[in-house]
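Q: What follows is a structure written as structure tokens; I'll ask about it next.
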């Protein structure tokens, strides 16, 4: 996923939305597989899962550097994870690089700027106006519009994975502490409202 997301970002910067969307469809396919795996875990009884779970300790998604890299490159950066997760110099360098480099949202905004749809960093209203123009004139901005829809699908599938994951955790371990030391389902539920592209979701209210 990280490789494909990096390719999507770079292709948008190059002004190649069709190829970018092709690679993003690959990401969607991976996300569908991730979601589809969860029912397999749910076929285990809680007792069986607890036996299996002991082999995971102390690792968990909460501690996953790659998981945070996916969030960072998708557009949801949180510098606090650099200190919290980087157990080695190599991992710290990876997270710091992801923090410093452009995101998919940065690339998409740059692509829209090049089409005459300004996306200034500090002007939310101007960005909203551009996104509304994009959606209302799909004939003129078709490639950009379908790219925005593909980004939204990435966001939606990741949110669906979060939701299915928390239900699986509640089904298997209830309110027990998470494998990596988090508060388990309580922590996971606090992440369910996270979105990579809140402005694309918000756009729907203005159409």
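Q: Would you mind stating whether residue 78 is surrounded by fewer than 19 Cβ atoms within 10 Å (Cβ to Cβ) and more than 19 Å from residue 202 (Cβ to Cβ)?
A: Criteria met by residue 78.
Q: A further question follows. Can you tell me which residue is farthest from residue 77 (Cα to Cα) among those in the stretch 120-141 that are in contact with a helix residue (DSSP H, G or I) (Cβ under 7 Å, 6 or more places away or on another chain) and free of Cβ contacts under 8 Å to residues at least 12 places away in the same chain?
A: Among residues in the stretch 120-141 that are in contact with a helix residue (DSSP H, G or I) (Cβ under 7 Å, 6 or more places away or on another chain) and free of Cβ contacts under 8 Å to residues at least 12 places away in the same chain, the one farthest from residue 77 (Cα to Cα) is 138.
Q: Go through 24, 41 for me and flag whichever is closer than 18 Å to residue 148 by Cβ, in a helix (DSSP H, G or I) and out of contact with any strand residue (DSSP E or B) (no Cβ under 9 Å at 6 or more places or on another chain).
A: Going through 24, 41 in turn, the sole match is 24.
Q: Next question. Quick test for you: out of 117, 11, 112, pick the one residue that is part of a loop (DSSP other than H, G, I, E, B), more than 14 Å from the chain's Cα centre (by Cα) and buried (at least 17 other Cβ atoms within 10 Å of the Cβ).
A: 117
Q: Could you figure out which of (1) farther than 24 Å from residue 64 by Cβ; (2) modelled with pLDDT of 95 or more; (3) surrounded by fewer than 20 Cβ atoms within 10 Å (Cβ to Cβ) isn't true of residue 122?
A: If we test residue 122 against (1) farther than 24 Å from residue 64 by Cβ; (2) modelled with pLDDT of 95 or more; (3) surrounded by fewer than 20 Cβ atoms within 10 Å (Cβ to Cβ), just (2) comes out false.
Q: Looking only at the stretch 74-109, which residues are part of a loop (DSSP other than H, G, I, E, B), at pLDDT 90 or above and out of contact with any helix residue (DSSP H, G or I) (no Cβ under 8 Å at 6 or more places or on another chain)?
A: 76
Q: While we're here: For residue 62, work out the one condition from (1) surrounded by 12 or more Cβ atoms within 10 Å (Cβ to Cβ); (2) modelled with pLDDT under 80; (3) over 21 Å from the mean Cα position of the chain (by Cα) it doesn't fulfil.
A: Every condition holds for residue 62 apart from (3).
Q: If a residue must be surrounded by fewer than 18 Cβ atoms within 10 Å (Cβ to Cβ) and over 15 Å from the mean Cα position of the chain (by Cα), how many such residues does the stretch 146-157 contain?
A: Number satisfying all stated conditions: 1.
Q: To continue, here is another question. I'd like to know if the stretch 32-52 contains one or more residues that are within 30 Å of residue 141 (Cβ to Cβ) and at pLDDT 95 or above.
A: Yes, the stretch 32-52 has at least one match.
The values are calculated or read from the model by the stated rules, or taken from the named source; none is laboratory data. Just so it is clear, the structure is predicted and the values come from calculations on it, not from any experiment. Here the Cβ is made from the backbone with ideal geometry for all residues, glycine too, and neighbour counts use every protein chain on show.
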